[in-house]
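What follows is one structure encoded as structure tokens, with my remarks underneath.
The values are calculated or read from the model by the stated rules, or taken from the named source; none is laboratory data. Nothing here was measured: the structure is a model prediction, and the numbers come from that model. Here Cβ is always computed from backbone atoms with ideal geometry, including for glycine, and neighbour counts include all displayed protein chains. Protein only, heavy atoms only, side chains kept; ligands, DNA and RNA dropped before computing areas. Shrake-Rupley method; radii C 1.70, N 1.55, O 1.52, S 1.80 Å.
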Amino acid sequence: MASILGISAFYHDSAACLVIDGDIVAAAQEERFTRIKHDHRFPVHAARYCLREANLSAAQLDFVGFYDKPLLKFDRLLETYLDYSPSGFSSFLKSMPLWMKEKLWMPDLIRTEMAKAAGEEDERAAKKQGKKFNWKLLFGDHHESHAASAFYPSPFEEAAILTIDGVGEWATSSMGIGKGNEIALLKELRYPDSLGLLYSAFTYYTGFKVNSGEYKVMGLAPYGEPKYVSVIKDKLLEIREDGSIRMNHEYFTYSQGLRMTNRLFAKLFGGPPRKPESIVTQKEMDLARSIQAITEEVMLKMARFAYEETGMKRLCMAGGVALNCVANGRILREIPFEDVWIQPAAGDAGGALGIALAIWHRYLGKERNSAEKARTWQLSVVASNNGLSAYADGMKGSFLGPRDTEEEIEQFLRSQNLPYSRYSREDLPGVVANLLAEGRVIGLHQGRMEFGPRALGGRSIIGDARSPEMQSLMNLKIKQRESFRPFAPSVLRERVSEWFDLTTDSPYMLLVADVMENRRRRMTAEEELLWGIDKLNVKRSEIPAVTHVDYSARIQTVRRDANPLYWEIIDAFRQKTGCPVVVNTSFNVRGEPIVCTPEDSYRCFMRTEMDFLVLENFVLDKQEQKPFLDQVDWSKQYALD
Ligand SMILES: [Fe+2]
């Protein structure tokens, strides 16, 4: 028996995860509690929540695991700064004091912060209490943590593993094998050559925020032409057959400075980077398409190499680049792997989960009961073409965060004197489905909060996927952001292949596939001529709100056993309309972390033009609410990614 708390922190997206006897009991990102997007500080609130969920005190833990090795990272920083000095000197001076003061004293720092999570708010008391903890503190390797998060919760007994991100200590991607409870990493690509940092360089140059705007570049790509592919290949990098890359670092400054690219890069692409929030032009669309094409080529080569080198029939992936669901969809279709599983918290937050599971399986040598081994998947598989359901994994649908009881919600509503209707659990799906069919936009807060960047029906905003206006309505009136972004569909697992070119589970919205040919609408000659964002306003299928301009969709398949209420809402909508697909977007406004508590949800509901809010069995109608007096100018509170 062992209770293990995994921690990722101090870079971006801090998180905590509690594993008890190999079972993932709870996991959450710090940003959800502090309301600071990508909060990188020690996850005091997330750790506190995880302990609360299991009714444990910090003193009762057996192990605390940290997701990477600070000394190795320090080594990398020191070496690259020395390598590139004097040009990197100012950034060196900026980051060193923090490293000297905090990161190198990590064990002490973690003990003090853990005492804060245990409730010792006063710094001195926390320090004293921290010294008394007798859990063992272990550090994992960054990419090993990613690999553990990819393989251990996967449904597979053995699989090839790919981890791809910006950078950990030195590695920027790694390839290996997982078998039973063992993981062996066989090959790695090292800093400063990095597919993640290459993508981030283009994210920066096209005017989006590095480390969070990458998915916007992916969403923008279908509007562009791959015009810059040859110049990228000629000047910026060499792609080898095994998927490793060699970059020309004359064009990049991430090793030395606080920016990603330099003047030479700007000259190559004809001007300075786009200013954030200025108009997106065809040039950015073409750049997005080009870097997306390069990324797909590299990822496909990496996956093919992993397939050939390991002889494995299945693949697991993690690391921030594994959130590139367009590339993931192509790997599933084009590489002979029978099945692909991707960790939903693929970024650094997932490292907390990886290190906790690695301590259980690798350090303690505990056996692993994969779904495949246990054969329990046979009971829950619907009709996966490969016979193995990607859902039968150890992630519990990624619903690993806090849940509010009906009593807590009722108490909140009453304390604020808010008008609501309460429905029985049986009636609720039908009520919500009727509202959806009327074109209403609904905030859905139910069950446990999701772990990872995607909302999966626990903290989601949902709408009618058939509505041609829904896409721009939700973008402008609710999310308060640019309209080029497509929304994702949630579809009943049983019906996915009737609507999309996909036959497997995609429970975490990490695979992109096309809308079926017979669901598409032929465009008129006039519509064909439309340019850029105007293309998105053309009704191009029976479900235009979730169909991108290239007919692709970022699909979430919903299973009744994973998320019963959400499944029943979509099924009630299907019974009413014949359509088993709804729009699903995360419950937040632009730049804000996804909502966590009923208070967060109510605030977001009132600040936007959402029509109804569902808090478990309670339904709030916007028209019945009193005017909302906002304490802050929220539109200025959150910056765009
Ligand atoms: Fe990472």
message: Just the residues that are away from the ligand (no atom under 14 Å from the Cβ) and open to solvent by 10 Å² or more (accessible area, probe 1.4 Å), please, taken from segment 136-174.
response: Lys136, Leu137, Leu138, Phe139, Tyr152, Glu157, Glu158
task: Considering every residue within segment 109-120, establish whether at least one is modelled with pLDDT under 65 and either of a type in the set (Gly, Ala, Ser) or under 19 Å from Ala16 (Cα atoms) (or both).
output: no
task: Using the structure shown, decide if Leu5 is closer than 23 Å to Arg362 by Cβ, in contact with a Cys (Cβ under 7 Å, 6 or more places away or on another chain), in contact (Cβ under 8 Å) with a residue 40 or more places away in the chain and open to solvent by less than 10 Å² (accessible area, probe 1.4 Å).
output: yes
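Yes/no matrix, rows are residues, columns are (1) modelled with pLDDT of 95 or more; (2) not small (Gly, Ala, Ser):
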site: Glu241; (1), (2): yes, yes
site: Ile245; (1), (2): yes, yes
site: Phe252; (1), (2): no, yes
site: Ala288; (1), (2): yes, no
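Here is a yes/no grid of residues against (1) touching a Ser or Thr at 6+ places or on another chain (Cβ under 6 Å); (2) in contact (Cβ under 8 Å) with a residue 24 or more places away in the chain; (3) open to solvent by less than 20 Å² (accessible area, probe 1.4 Å); (4) over 24 Å from Asp141 (Cα atoms):
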residue	(1), (2), (3), (4)
Arg274	yes, yes, no, yes
Glu284	yes, yes, yes, yes
Ala293	no, yes, no, yes
Met302	no, yes, yes, no
Lys313	no, yes, no, yes
Pro336	no, yes, no, yes
Gly354	yes, yes, yes, no
statement: Of the listed residues (Arg440, Arg466, Arg448, Arg459), the one being surrounded by fewer than 24 Cβ atoms within 10 Å (Cβ to Cβ) and within 18 Å of the chain's Cα centre (by Cα) is Arg448
message: Looking only at strands (runs of 3 or more DSSP E) that lie completely in segment 419-514, which have at least 1 residues being among the hydrophobic types (A, V, I, L, M, F, W, C) and within 23 Å of Cys596 (Cβ to Cβ)?
response: 442-445, 459-464, 488-492
statement: In segment 109-135, anything more than 17 Å from Ser8 (Cα to Cα) and open to solvent by less than 10 Å² (accessible area, probe 1.4 Å) is listed as Ala126, Gly130, Trp135
query: Looking at segment 177-193, is at least one residue within 12 Å of the ligand (Cβ to nearest atom) and in contact with an Asp or Glu (Cβ under 8 Å, 6 or more places away or on another chain)?
result: no
- prompt: Residue check: is Lys216 open to solvent by 10 Å² or more (accessible area, probe 1.4 Å) and among the basic types (Lys, Arg)?
  reply: no
- line: Those residues of segment 206-248 which are assigned to a helix (DSSP H, G or I) and among the small types (Gly, Ala, Ser) amount to Gly219, Ala221, Ser230
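Within segment 253-272, can you find the residues that are outside any helix (DSSP H, G or I) and more than 26 Å from the chain's Cα centre (by Cα)?
The answer is Thr253, Gln256, Gly257, Asn262, Phe269, Gly270, Gly271, Pro272.
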